[in-house]
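The values are calculated or read from the model by the stated rules, or taken from the named source; none is laboratory data. Predicted model, so just to flag it, every value in this text is computed and none were measured. Every residue, glycine among them, receives a Cβ derived from its backbone with ideal geometry; neighbour counts consider all protein chains shown. The area values use the complete protein model at the heavy-atom level, side chains included, leaving out ligands, DNA and RNA. Shrake-Rupley method; radii C 1.70, N 1.55, O 1.52, S 1.80 Å.
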Amino acid sequence: MAKKVYDDDDGRTIADMSGIQRSPLFLPRLPKRDLPAPPAQPEPERDRPWEMSELSPEERRWYILGALKASILVALAFIGGLGLIVLLFYLFA
């Protein structure tokens, strides 16, 4: 049987699994062997883009309030849908 060849594999690593060990099956409380630490990779400049330092405290407050308003609207839509389902069960039961 021939080995499968995938055309869409570009060779990039999605998740580096080289430092993960298999857990011991029979004696799980024994100390594990220490592997050498993987080489440290340089940290990206902006690893938390949502923390923008350019915003003033007032602008940040408006962003937070806008997000809260959107989440409340979504919650009200779910509550309204649930209320409609309960009303239909009450009317047809």
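Put VAL74, VAL5 in order of accessible area, largest first, 1.4 Å probe: what do you get?
Details: VAL74 80, VAL5 120 Å².
Correct descending sequence by accessible area is VAL5, VAL74.
What is the spin-label model distance, in nm, from GLN21 to ALA93 if the labels are put 7 Å beyond Cα along the C-beta direction?
That separation, rounded to one decimal, is 5.6 nm.
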